[in-house]
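All remarks here apply to the structure that follows.
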Amino acid sequence: MEERAAVGGGGEVEAAYTKDGSVDLKGRPVLRSKTGGWKAASFIVVYEMVERLAFYGIATNLIVYLTTQLHQGTVAAANNVTNWVGTVWMTPILGAYIADAHLGRFWTFVIASIIYLSGMVLVTLSVSIPSLKPPSCQNQDSGCRAGSLQVAVFMVGLYIVAVGTGGTKPNISTMGADQFDDFEPKERKQKLSFFNWWMFSIFFSTIFANSFLVYIQDNVGWALGYGIPTIGLILAILVFFVGSPLYRHQRTSDSPFAKMAKVIVAAFRKRMVPLPTDLHELQEEEYAKSGQFQVKSTSSLQFLNKAAVRVGPSTAWTLCTVTQVEETKQMIKMFTIFLASFIPNTITAQGHTLFIKQGTTLDRSLGPHFKIPPASLTSFVNISMLISLAIYDKWFVPLARKYTNNPRGITMLQRLGAGLILHIIIMVISALVEKERLSFVGHHGLEHSKDAIPLTIFILLPQFVLVGVADALVEVAKLEFFYDQAPATMKSLGTSYFTSCVGLGNFLSSFILKTVAKVTSHGGRKGWITNNANMSRLDYYYGLLAAISAVNFIYFLFASRLYKYRAEPSELDVELQKPCEPRTNKT
């Protein structure tokens, strides 16, 4: 017998089903009391926390492995890191498409997680099996190189991981947010904090990866250092499956790319047709049946409205609904913010490449017997982000709410803008610190020294700490913005906007680094970026990134002023859902 929640006047029993169209894996409506909410989202959050441990267990110290074990140069290693990270964050576009249009988020995630795990296993084997391990070199300048097979196996494992994350990244966070019903005031309020605590849990586990695992890799061995995160991923997948009975799922629909293409094609075909006031649209009840809303026509991007003009043959590629048109408009309008969102990731890419390379040149001693692994400084990014998120969610938001009457305290774009300002400051500070380091090197004649210079690694601490504060603003704001502002049927695609920002930012970092290294070394000049950090001019490079960030911020100011937020569901919209709630049948 199905659970019964309330008895109506005629003796009819109505179950407390969710109002957002959520279903179980068999496509049946789900009961609010039995599914979703934090009791379901907690399993997903735990999965992500452990999975991030696995991912950053490889990513954080990757540049050290490439330079010290595979014996690659600074530019080549840094570009390999950012190209791989970029791929990791770009493949979610494909994963979002498969989830939204074909398999759904759950099954896309399941298949992708198996691919992900196989890649982790291959990477671990490549640093464990003697024939696959690169040779040990006492002198890095002796021309020692890893074999082509050894490099190939390691890199193939990395890119299998990238393919796997393409199906997990855009769907796991979206599944977590899907556990909260927007039509229930209590759950809608809980969702406002979900993304803050989502990022909090991620960076809590990343601290462990950036400290304990990095230390294991540098001082015990790469086999154990990579084996632990692989085992962690296995446990994370098991945790996810344990929570399966509690999850709410959204029905698949047409591909969001196909929906948008149909609108654009239909509008182009009817570009010469006059625009009437009566446009094609379905009844509100048709949308309510699947937990969706009818979207009213707007005047923005008005040329697309012609896709809903009734003229000529009525096919999917010649006639679209007003709602379909408005959903397409929304994704296009979000793209203007997207264009300002990947430069921040170009800045943060320095944190796991050149910042760490700087750290290898400095005194890492902490007491007489302990040396800090250079990559462990990234732990301070995570610590400062955790503290910033807690302060933001518990103190800043309630205080700001009193003055703005905004449930979020400030708008998502205001939060993003504050973070973009911080990124400019970070690169200016990084340039000044590096200038001071190079001045010390020159004053003591240490340009060609292979030993750490007698200058503490903690001079890099301010830039790492500020990166964490900036991430608490920028990354959370981007994740929430692209999920929240995406139409209900395109949430995974909206989330893939976020992941694509990270991917493009890392690819751009590779492009800028390679271009600057080539241009500045043209004609036999020393160049800004060389394998010897003491002979490089990273301060000039960081200054260039600060200038790029400033230009990006100016563009963001214009884009954000023109952007109009998607309307929130009104109380009337919620009421329209009630007649369509499924009712239990007598058994």
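The values are calculated or read from the model by the stated rules, or taken from the named source; none is laboratory data. Remember, it's a predicted structure, so these values are computed and weren't measured experimentally. Cβ placement follows ideal geometry from the backbone for every residue including glycine, while neighbour counts extend to all protein chains displayed. Calculation scope for accessible area: heavy atoms of the full protein, side chains included, ligands and nucleic acids excluded. Shrake-Rupley method; radii C 1.70, N 1.55, O 1.52, S 1.80 Å.
Quick look at the values:
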item: Segment 161-196, residues that are β-branched (Val, Ile, Thr) and either out of contact with any helix residue (DSSP H, G or I) (no Cβ under 7 Å at 6 or more places or on another chain) or open to solvent by 50 Å² or more (accessible area, probe 1.4 Å) (or both); result: Val163
item: Exclusive hit being closer than 13 Å to Pro344 by Cα, open to solvent by less than 20 Å² (accessible area, probe 1.4 Å) and in contact with a Gly (Cβ under 7 Å, 6 or more places away or on another chain), set Ala477, Ala486; result: Ala477
item: Test: residue in segment 352-370 that is open to solvent by 40 Å² or more (accessible area, probe 1.4 Å), more than 29 Å from Lys514 (Cα to Cα) and of a type in the set (Lys, Arg); result: no
item: Identity of the residue in segment 93-135, within 23 Å of the chain's Cα centre (by Cα) and of a type in the set (D, E, K, R), that ends up surrounded by the fewest Cβ atoms within 10 Å (Cβ to Cβ); result: Arg105
item: Test: residue in segment 414-424 that is closer than 22 Å to Ser549 by Cβ and modelled with pLDDT under 85; result: no
item: Test: residue in segment 403-412 that is over 26 Å from the mean Cα position of the chain (by Cα), more than 30 Å from Asp539 (Cα to Cα) and part of a helix (DSSP H, G or I); result: yes
item: Hits in segment 506-535 - residues which are touching a residue at least 24 places away in the same chain (Cβ under 8 Å), over 24 Å from Leu422 (Cβ atoms) and of a type in the set (Ser, Thr, Tyr); result: Thr530
item: Residue within segment 240-250 that is open to solvent by less than 10 Å² (accessible area, probe 1.4 Å), closer than 30 Å to Leu301 by Cβ and not basic (Lys, Arg) present; result: no
item: Tally, over segment 329-377, of residues that are closer than 24 Å to Ser500 by Cβ and among the small types (Gly, Ala, Ser); result: 4
item: Exclusive hit being touching a helix residue (DSSP H, G or I) at 6+ places or on another chain (Cβ under 7 Å), open to solvent by 70 Å² or more (accessible area, probe 1.4 Å), of a type outside the set (Val, Ile, Thr) and farther than 20 Å from Asn196 by Cβ, set Lys435, Lys450; result: Lys435
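Okay, residues lined up against (1) modelled with pLDDT under 55; (2) outside any helix (DSSP H, G or I); (3) buried (at least 16 other Cβ atoms within 10 Å of the Cβ):
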position	(1), (2), (3)
Trp528	no, yes, yes
Ala547	no, no, no
Phe553	no, no, yes
Pro569	yes, yes, yes
Lys578	yes, no, no
Asn585	yes, yes, no
